[in-house]
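For reference, the structure discussed in these notes is given below.
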Amino acid sequence: MDRITQLQDEIQRLLMIMSSSISYLTTRSTFLQVSQEIPITKQRNPDKFDPPEVFEANQKELVDDLIVKAKQIEVLIQSLPVPEPEEQQAKRLQALENEMTEVNEEYIRAVDRAKRLHGQFSELLRMMLDNADVDVDLSSEGG
């Protein structure tokens, strides 16, 4: 598997970890009052949220998972080849285009030659068959 594909896979896994983290944090937390001016208007059943110490431990685990995955992605990014300068890339593309033009011209010449050879072969075959008909006619007249 190439590095770009590995990087795509790791980013996909990171996004899955993030999505799962957000899902966990929003579904397994309880509502806490953060300001005296804003009252809590909704409560969750105790079986719908984790106790504070479990929730805190799970948060730390989620953060650790995110950090590990981010570091793996960073290592993959650092292992990617250095991009070539734009000027050098333009020269390489121009050389490839020139080579493609030459090869295309060569291909056209080969197709034209094949068509000529096909025509010559067809003409030769037609002459041989015509001569064979004449030979058959002559031999049947002589017999």
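Hey, does the stretch 67-83 have a residue that's outside any loop (DSSP other than H, G, I, E, B) and more than 24 Å from residue 6 (Cα to Cα)?
Checking the stretch 67-83: not a single residue is outside any loop (DSSP other than H, G, I, E, B) and more than 24 Å from residue 6 (Cα to Cα).
Quick check on my filter: what residues within the stretch 68-80 are open to solvent by 100 Å² or more (accessible area, probe 1.4 Å) and over 30 Å from residue 29 (Cβ atoms)?
Correct list: 78 only.
Can you tell me which of (1) free of Cβ contacts under 8 Å to residues at least 24 places away in the same chain; (2) surrounded by 10 or more Cβ atoms within 10 Å (Cβ to Cβ) is the one residue 65 doesn't meet?
The one condition residue 65 does not meet is (1).
Name the residue that is nearest to residue 76 (Cα to Cα), counting only residues in the stretch 6-50 that are of a type in the set (Asp, Glu) and either loosely packed, with under 12 Cβ neighbours inside 10 Å or within 28 Å of the chain's Cα centre (by Cα) (or both).
10
The values are calculated or read from the model by the stated rules, or taken from the named source; none is laboratory data. Keep in mind that what you see is a predicted model, and the values were worked out from it rather than measured. Ideal geometry is used to build each Cβ from the backbone, glycine not excepted, and the neighbour counts take in all protein chains shown. To get the accessible areas, we keep the full protein, side chains included, count just its heavy atoms, and leave off ligands, DNA and RNA. Shrake-Rupley method; radii C 1.70, N 1.55, O 1.52, S 1.80 Å.
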